[in-house]
1. Percent of alpha carbon pairs in segment 108-242 separated by more than 17 Å?
2. From the Cα gyration tensor of segment 215-294, with a ≥ b ≥ c the square roots of its eigenvalues, which class applies: rounded if a/c is under 1.5, or else prolate if a/b is larger than b/c, or else oblate?
3. Compute the length gained on full extension between E284 and D242: take 0.36 nm times their separation in residues and subtract their Cα-Cα distance, giving the result in nm to one decimal.
4. How much of the accessible area of the chain, in percent, comes from carbon and sulfur atoms when a 1.4 Å probe is used?
5. Once you order the gyration tensor axes a ≥ b ≥ c over the Cα atoms, which shape class does segment 162-295 get: rounded for a/c under 1.5, otherwise prolate or oblate by comparing a/b with b/c?
6. Take C98, C32 and sort them by solvent-accessible surface of the protein heavy atoms, 1.4 Å probe, largest at the top.
7. Where the eigenvalues come from the Cα gyration tensor of the chain, what are the semi-axes √(5λ) of the equivalent ellipsoid, largest first, in whole Å?
8. Which order do you get for F110, F78 if you rank them by accessible area with a 1.4 Å probe, largest at the top?
Amino acid sequence: MSINVIWHAQKDGRGRYNCTAQINDLFDQYDCVHHAGWDGIPEDIEDAVVIVHGGRERGRLDKLNMDIEDLKSVLLIFLGDEEADFPAEFVEHSNKICWVQEPLPGRHDFADRYILDGYTPHTRKNIVKCEKDLDFVFAGQMTHERRWACRNALQTIDWGGVIVESKGYCQGVSIEEYYRLLCRAKIVPCPSGPMSPDSARVCESLECGCVPILDDLSPTRKEPGFWSMVLGPDHPFFVVTDWGVLPSVIREVKADWDRQILRCLAWWEAYKLDFSMWLGTDIEKLTGRECTKIR
């Protein structure tokens, strides 16, 4: 069964962004036909996956509702909306399933699935096997209070780690050196993005074999609970609301790293396996037709 995937605001098709890399890897496991926008879509399409991409969709709720009204079923995937600008809760359809990336507690409780920001398009091709000779690594742009607090806490540690500060995205070390540092690290603190507690760093660190330390707050989200909402209560990760505790958390993880990394990577592999099945499962639920992976 072919799956029609309509990128609602993507005139360039699938979108090669950090927030789309993992979802594109998922689509490649199924027989998907991608459509850039709604122009030229065959009239006989009855069921579709519709990608609604962040701020690009601001002010387009009515258009989206009109575009999907003639579909018999729709899997809506809301990506890259850190600001929670798009009113996803008001999308109308009688037979829909919704996935939300970077959800806002209280706003996106309606969603059927929450999905991670995912790794970047560069991640997998830049992973290298090397000795884990660094206790921790933080390399990132210093653009808001959560990252400053993380950096300040790391600077009180006088052993075993590397801090690389930059003024903007990809303005520090090269992409290749960035991933080499992650591959050398045992632990990666993951301060929030500017809006959402999630960021690509979380999945990047897991792909590189590191224990991530997650941020439950962001500059605009001051209430904890994001990660228990997105990952459920049984995830194995350390989550902080006060980066001042970071040195003690790193000492705790370092003392038990062999066990901690096994728990984290086992969870990550199970998540990716579940994630790879969700598309087929939800399409079958919506359409009643079997939908299997092609690889």
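1. I get 58 percent for the Cα pairs in segment 108-242 exceeding 17 Å.
2. Working: a/c = 4.57, a/b = 1.80, b/c = 2.54.
In terms of gyration-tensor shape, oblate.
3. Numbers: separation 42, 0.36 × 42 = 15.12 nm, distance 4.30 nm.
That works out to 10.8 nm of additional length.
4. 48 percent
5. prolate
6. C32, C98
7. Semi-axis lengths for the chain are 36, 20, 17 Å.
8. Values: F110 75, F78 15 Å².
Sorted descending by solvent-accessible area, the residues read F110, F78.
The values are calculated or read from the model by the stated rules, or taken from the named source; none is laboratory data. Note that the structure is predicted; figures quoted are calculated from it, not measured. We place every Cβ from the backbone using ideal geometry, glycine too, and count neighbours over all the protein chains shown. Please note that ligands, DNA and RNA were not included when accessible areas were found on the heavy atoms of the full protein model with its side chains. Shrake-Rupley method; radii C 1.70, N 1.55, O 1.52, S 1.80 Å.
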